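All of the numbers you see were taken from the coordinates with simple rules; none came from a lab. For clarity, every value in this text was computed on a predicted model and none was experimentally measured.
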Amino acid sequence: MICPICGRDGLSKKELVVHLKYFHNKKQTQQPQKVSAGACPECGLTLFYQEGCVTCMICGYNKCG
């Protein structure tokens, strides 16, 4: 997962909660609902649209444009 504040990548969900709490003094809030964009060609899990790109939140695969 990616920190929505500083952009740090590669955090598990539990690591993100700790990161937000101790580095940004914030509790994790519900993320806005994401729109599905099919299956990831790398790991087979769901792709989502994020900032104009198709992104896998699990393995990090992304494709823009």
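So the values come out like this:
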{"read-out": "Derived scalar couplings ³J(HN,Hα) [region 5-11; Karplus, 6.51 cos²θ - 1.76 cosθ + 1.60; whole Hz; x for Gly, Pro]", "value": "8, 10, x, 4, 10, x, 8"}
{"read-out": "Placed amide H near residue 61: partners under 5 Å, 5+ positions off or other chain", "value": "56"}
{"read-out": "Amide H within-cut-off set for residue 50, under 5 Å, with H built and near neighbours excluded", "value": "55"}
